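Encoded as structure tokens, the structure appears first; notes follow it.
The values are calculated or read from the model by the stated rules, or taken from the named source; none is laboratory data. Just so it is clear, the structure is predicted and the values come from calculations on it, not from any experiment. Glycine also receives a Cβ, built like all others from the backbone with ideal geometry; neighbour counts cover every protein chain displayed. What goes into the accessible areas is simple: the full protein's heavy atoms, side chains included, and nothing from ligands, DNA or RNA. Shrake-Rupley method; radii C 1.70, N 1.55, O 1.52, S 1.80 Å.
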Amino acid sequence: MSGAEPFPEAARVSVRNAQLRSNLRHATHTIRAKRAKAVAELADWGRLRAAGAAIKDRTLRHLDHYLEQLESAVTAAGGQVHWAVDADEANRIVTRLVKATGETEVVKVKSMATQEIGLNEALAAAGIRAYETDLAELIVQLGDDRPSHILVPAIHRNRTEIRDIFRHEMGHWGRPAPEDLSDSPAELAEAARLHLREKFLRAKVAVSGANFMVAETGTLVVVESEGNGRMCLTLPETLISVVGIEKTVPTWRDLEVFLQLLPRSSTAERMNPYTSTWTGTTDGDGPREFHLVLLDNGRTDTLADQVGRQALRCIRCSACLNVCPVYERAGGHAYGSAYPGPIGAILTPQLRGTASALDASLPYASSLCGACYEVCPVAIDIPEVLVHLRERVVEGGSATRDGARVTIKPAKGHAAERAAMRAARWAFEHPRALRAGERLASRTRGLHPTRLPGPGAAWTASRDLPRVPPEPFRDWWQRTHGGREAK
Amino acid sequence: MSSREIILGRIRRALTDVPRTEVPRDVPVYRAYLRVHGDRTPEQTTELLAENLADYRAVVHRCTETELPSRIASLLAERGSRTVVTPAGVPAEWLARCTEVERVPEESTGRQLDAVDSVLTGCAVAIAETGTVVLDASADQGRRRITLVPDHHICVVRVPDQVVDSVPQALERLAPERPLTWISGPSATSDIELDRVEGVHGPRSLEIVLVSD
Ligand code: SF4
């Protein structure tokens, strides 16, 4: 994925506006309600959440220490650790490791880090085919498409579209779909099972991410539903895991917090169907070779920002997407990176900087209603970071890029300002737009950000979610020619 | 400079606001959350386990130690299984009543396992609050792939010994250096219009036998 596609382009791509909108709405509202129920089952949710945030803060404040500890534990358990400063280096390392096995195919389990660095494209350029094995990722890959939601990446496709994609494309990639494939989800899942089983049984190399890495023990954790993760983690001879450095937690015991927070926030389950943990390699069980690629790619720059660093606590549960009125209308693609929704709006501009018009506009793709903060299982104050990043875009100031202090010029009069204006206008001034947004709009209009009152005060008061305006983003975008003729 | 040194150096420069004298435990983590959600007798804990397993569509059976061989035989017969993979540590008497079923060794390759009807294992621990069984690759559970490739998994849980209430209690009992598989219901996906479908890649049928003395 290019990742740098400008907002207007991203918005123009879709010809399935109505479908996308209704799928997204259905998905986000369904998961939202289920999540609330799963969370309500635990009387100590607030305390778990506080502990989760604190554990991540402890890790981040001493990340160098924990990464060194992790490295020695993984190495002692028979794994090999590699360090990648940026996407290019990570891609080069993985490519080299795959080539060393002599294989030209790898199976992959859904990983946002590998999507962030564009690993599949890099492997393809080196003559290596990467097969996505998560059902949704398979749909996306076969449809030559991009994911639109962290948890359900193909949520913009309905069952008939999926059937057509399977019928037309599966044969080009391996075992074809049955001639008479219907659009029932059970039959579609069965077709995917058969198509992918052949690949799992043949695969010699797998690439994964990880949800957590335990510094103390060198253990990696993958949380999933379908079993494709287990296939990738246990059948091949070589396993390569590409993981952001912020996924570290200090101790084995810390998993007791995150294995309660994540499934309930994410799929709204007491526990997801499968969780795998492994520590290095085990004789006679699973891969003989294990490589861990530790990825920076902008994370240390994010860490240098004392307000923005809390974004690195994120455990990618996607709860913030599901409650976000802006995401619901814009869809995941408009965010132009692997990370859509509120978390994308604060993470992408920090990982990549705000030099491009798209990245500068992301902090404005929000009404600051605060629903994302309310649901975040690690209490990331997303509105606080948004306001902070807006300030930096507008007024300029110092930031860290590639490990060096740089001074950001104020966006005034530049393309970045125009993009930001358009995003802001859309989020704030839309007819009958977000109630909470309207309340704040007067204070933020005109790109003169005002510090919001103390952490959370303004938005935690408005618990109920804003209504969705009648005109969706994509329609509005087209009607106004990319916001230039806004209103 | 190596990438390792570059990254560690960047981290140290990024954290200039952290006092040099601060050590990790100076950052407070209050574990004020509950060890267990609720107050239960061992029987109630087992009951909750059964309920939560069933809620995520595992099929739950209960029997005594003496009934176990015939129960296993009938589960395999109902399913029409002719082959069953069992790790070496599964007691021979578990399969004593299965006359028609061929026992396949756990050393089988992925492809061989793909042709096997069922797998029978024990477990390391079961978690009542979440409806989870955890396998830790011990002798009665075997290497990870045997519980993954066949489409039907029968897992035997000794109650109340192997049952804990909560996730924190389970982690205490488990050894991080062993490869672990936490299983909560059969494999599932909701990727197609959020319709839940059982079984994409892992076993589509999960049967849990709760065995008491
Ligand atoms: S920011 Fe919080 S709510 Fe959003 S994905 Fe990350 S952990 Fe989940």
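Observations, loosely collected:
- Here B:ARG79 and A:ALA18 are evaluated by their C-beta separation; at R0 = 35 Å the FRET efficiency comes out at 0.20.
- Highest-MSF residue in chain B out of B:GLU43, B:GLU198, B:GLU177 [GNM, Cα springs under 10 Å]: B:GLU177
- Taking 7 Å steps out from each Cα toward its Cβ at B:ALA115 and B:ALA175 produces label points 3.5 nm apart.
- Of the trypsin sites (Lys or Arg not before Pro) found in region A:288-394, those that fall in a DSSP loop while having at most 15 other beta-carbon atoms within 10 Å are A:ARG288.
- For chain B, the longest principal axis of the Cα atoms and the long axis of helix B:3-14 meet at an angle of about 60 degrees.
- Most mobile listed residue (B:VAL133, B:VAL163, B:VAL18) in chain B, GNM with C-alpha springs under 10 Å: B:VAL18
- Global form of region A:42-295, assessed from the alpha-carbon gyration tensor, a/c cut-off 1.5: oblate
- Value of relative contact order over chain B, rounded to a whole percent, pairs C-alpha under 8 Å and six or more apart: 25
- With DNA, RNA and ligands ignored, accessible area of A:SER22 (1.4 Å probe; Å², nearest 10): 60
- Net charge over other residues, Cβ less than 10 angstrom from the Cβ of A:LEU151 (K, R count +1; D, E count -1): +1
- Annotation for region A:115-220: GluC sites (Glu not before Pro) lying in DSSP loop with at most 10 further Cβ atoms inside 10 Å of their Cβ are A:GLU179.
- Accessible area (Å², 1.4 Å probe, nearest 10) - B:ASP117: 50
- Accessible surface of A:ARG146 - all protein chains present, 1.4 Å probe, nearest 10 Å²: 50
- Among the GluC sites (Glu not before Pro) in region B:54-96, those placed in a DSSP loop whose Cβ has at most 12 other Cβ atoms within 10 Å are B:GLU65.
- A:LEU194-A:ALA124 FRET efficiency (beta carbon distance; Förster radius 41 Å; 0.05 resolution): 0.95
- Seen through its C-alpha gyration tensor, with square-root eigenvalues sorted a ≥ b ≥ c, the protein assembly as shown comes out prolate because a/c lies at 1.5 or above while a/b is bigger than b/c.
- For region A:222-271: rounded, prolate or oblate by the Cα gyration tensor [a/c cutoff 1.5]: oblate
- When chain B is treated as a GNM with alpha-carbon contacts under 10 Å, the residue of B:ARG82, B:ARG62, B:ARG25 showing the greatest mean-square fluctuation is B:ARG25.
- Expected 222 nm ellipticity per residue - DSSP helices of 4 or more, -39500 (n - 2.57), all of the protein assembly as shown, to 500: -12000 deg cm²/dmol
- Proximal charge balance of A:LEU60 [Cβ under 12 Å; K/R count +1, D/E count -1]: +2
- Rounded Å value of the spacing that divides the Cα centres of region A:89-155 and region B:149-201: 27
- Taking other residues whose beta carbon is less than 9 angstrom from the beta carbon of B:VAL84, and scoring Lys, Arg as +1 and Asp, Glu as -1, yields 0.
- Once the C-beta distance of A:ALA404 and B:ARG25 is scaled by a Förster radius of 41 Å, the resulting FRET efficiency is 0.80 to the nearest 0.05.
- Here the spin labels are modelled as points 7 Å beyond Cα on the Cα-Cβ line, and at B:ALA92 and B:ASP195 they lie 4.9 nm apart.
- Checking the Cα-Cα distances for A:LYS56/A:LYS108; A:LYS56/A:LYS204; A:LYS247/A:LYS409; A:LYS34/A:LYS110; A:LYS99/A:LYS247 against a 29 Å cut-off, the pairs over it are A:LYS56/A:LYS204; A:LYS247/A:LYS409.
- Rough spin-label spacing in nm, given labels placed 7 Å along Cα→Cβ, for A:ARG202 and A:ARG92: 3.2
- Length added when fully stretched, A:HIS168-A:VAL307, from 0.36 nm per residue minus Cα-Cα: 45.2 nm
- Annotation for region B:16-54 versus region B:90-132: alpha-carbon center distance of 32 Å.
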